[in-house]
Amino acid sequence: MINILIVEDQTMLCESLMHIINEQEDMKVCAFTDDASKALELCREKQPDVILMDVITKNNANGITCAAQIRKELPEIKVIIITALPDITFVEEAKKAKVHSYIYKNSGIEHLFYVIRSTMKGIEVYPGPSAMPQYSD
């Protein structure tokens, strides 16, 4: 069973992720928070296998910075950054923080499950430039 911590400040998205993840036979959400600065404490307490970490959360907490702290203290926990922000610098920051994988929120559910399972197998998944979300006015 893959135990997952969700760090996401958008309530509807967080609840949706919890619902679809808990429907999987090999996954369950063990905890969630809307504030990345609380993720390390939750990791110590709940010992998740993987974290789905938003880039910017409640109180402007930086998910990538928090992920770097988690990677240093609890290196056995896998970290996947999830974001809707099309900023290529976030991808580079995530790599420097030794984040395992990175996915855009405009990806489909099956791709999310692929990224989670691949990450758990030790395969890093990062998007190419063409995967960046495209927004128009």
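The values are calculated or read from the model by the stated rules, or taken from the named source; none is laboratory data. Just so we're clear, the structure is a prediction, and the values are computed from it rather than from any experiment. Cβ coordinates were reconstructed from backbone atoms using ideal geometry, including for glycine residues, and neighbour counts include every protein chain displayed.
Report the residue count in the range 43-54 for those that are over 24 Å from Lys121 (Cβ atoms) and touching a strand residue (DSSP E or B) at 6+ places or on another chain (Cβ under 9 Å). Walk me through how you get there before you give the answer.
Within the range 43-54, the first condition is being over 24 Å from Lys121 (Cβ atoms), and the residues that meet it are 44-45.
Add one more test, that the residue is touching a strand residue (DSSP E or B) at 6+ places or on another chain (Cβ under 9 Å), and what stays is 45.
The total comes to 1.
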| field | Test: residue in the range 59-68 that is surrounded by 15 or more Cβ atoms within 10 Å (Cβ to Cβ) and part of a loop (DSSP other than H, G, I, E, B) | value | yes
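Rundown of residues vs (1) within 18 Å of Asp35 (Cα to Cα); (2) under 10 Å from the mean Cα position of the chain (by Cα), yes/no style:
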| residue | (1), (2) |
| --- | --- |
| Asn60 | yes, no |
| Thr65 | yes, no |
| Leu74 | no, no |
| Val91 | no, no |
| Tyr102 | no, yes |
| query | Inside the range 101-132, can you point out the residues that are buried (at least 17 other Cβ atoms within 10 Å of the Cβ) and polar (S, T, N, Q)? | reply | Ser101, Thr119
| query | If you go through the range 86-100 one residue at a time, how many are surrounded by fewer than 21 Cβ atoms within 10 Å (Cβ to Cβ) and closer than 15 Å to Ile123 by Cα? | reply | 2
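Lys72: among the charged types (D, E, K, R), at pLDDT 95 or above and either in contact with a Phe, Trp or Tyr (Cβ under 6 Å, 6 or more places away or on another chain) or under 17 Å from Glu124 (Cβ atoms) (or both), yes or no?
The answer is no for Lys72.
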